[in-house]
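**Q** I have a structure I would like to understand better, so I am pasting it below and will then ask my questions one at a time.
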Amino acid sequence: MPKLIDIELKTKLDDYIGNAIYNVMVPPPPLDEYIQSFKGLSFHETLWDIISKSKLTEVEIYERAGISKSKFSRIRSDNHYKPDKITAVSLVFALELDINTAERLLKSASIVLSSSSKFDLIIRYFLEQGDTDAFHVNDALFTYKEPLICGITE
């Protein structure tokens, strides 16, 4: 014979089941609203925010980064421009960014410095040391046979 459930427990179960059904039936927010709640600044917006606060001219920046005038013009004019990692890292060192600002700029381009990449670890090391001298960075990259930054080629 089935055991009778006490009224207090039945009431708690009914409430739990009712809430569970309600929570399942509540639709998620619209996708556009969800995306907007997490969306940050684009690479273009982040880069120009950083450039506006720097004491460098655009010419100094693209020359230090080893980026052609036409490529820099494309970066400036295309709000949806996504740089490759070498270009983004070259801009980080050209602008002499600290680690936090560098990571913010890289993140805005969907670039992360991975702990499984020798190149990324070398870049992170110099940023953490506050050494933004591209020659020092390239010496280390060359020693470890990694791609060089700021327009320097082997």
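**Q** Check whether at least one residue in the range 136-152 is open to solvent by 30 Å² or more (accessible area, probe 1.4 Å) and within 14 Å of the chain's Cα centre (by Cα), and report yes or no.
**A** No, the range 136-152 contains no residue that is open to solvent by 30 Å² or more (accessible area, probe 1.4 Å) and within 14 Å of the chain's Cα centre (by Cα).
For (1) of a type in the set (A, V, I, L, M); (2) closer than 20 Å to Asp49 by Cα; (3) at pLDDT below 95, each residue gets a yes or a no:
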residue: Ala65; (1), (2), (3): yes, yes, no
residue: Leu95; (1), (2), (3): yes, yes, no
residue: Leu113; (1), (2), (3): yes, no, no
residue: Asp120; (1), (2), (3): no, no, no
residue: Ile123; (1), (2), (3): yes, no, no
residue: Asp131; (1), (2), (3): no, no, no
residue: Val137; (1), (2), (3): yes, no, no
residue: Phe142; (1), (2), (3): no, no, no
residue: Lys145; (1), (2), (3): no, no, no
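**Q** Select from the range 99-122 the residues that are surrounded by 15 or more Cβ atoms within 10 Å (Cβ to Cβ), touching a residue at least 24 places away in the same chain (Cβ under 8 Å) and in a loop (DSSP other than H, G, I, E, B) and list them in ascending order.
**A** Ala109, Ile111
**Q** So which residues in the range 136-145 are over 12 Å from Tyr125 (Cβ atoms) and part of a loop (DSSP other than H, G, I, E, B), if there are any at all?
**A** Answer for the range 136-145, where residues must be over 12 Å from Tyr125 (Cβ atoms) and part of a loop (DSSP other than H, G, I, E, B): just Lys145.
**Q** Shifting gears a bit: Could you figure out which of (1) at pLDDT 75 or above; (2) outside any loop (DSSP other than H, G, I, E, B); (3) surrounded by 10 or more Cβ atoms within 10 Å (Cβ to Cβ); (4) not basic (Lys, Arg) isn't true of Asp32?
**A** Unmet condition: (3).
The values are calculated or read from the model by the stated rules, or taken from the named source; none is laboratory data. As the structure is a computational prediction, the values presented were derived from the model and not from experiment. Don't worry about glycine lacking a Cβ; one is built from the backbone with ideal geometry, like all the others, and counts go over all protein chains shown. These area figures cover heavy atoms from the full protein model, side chains too; ligands, DNA and RNA do not enter into them. Shrake-Rupley method; radii C 1.70, N 1.55, O 1.52, S 1.80 Å.
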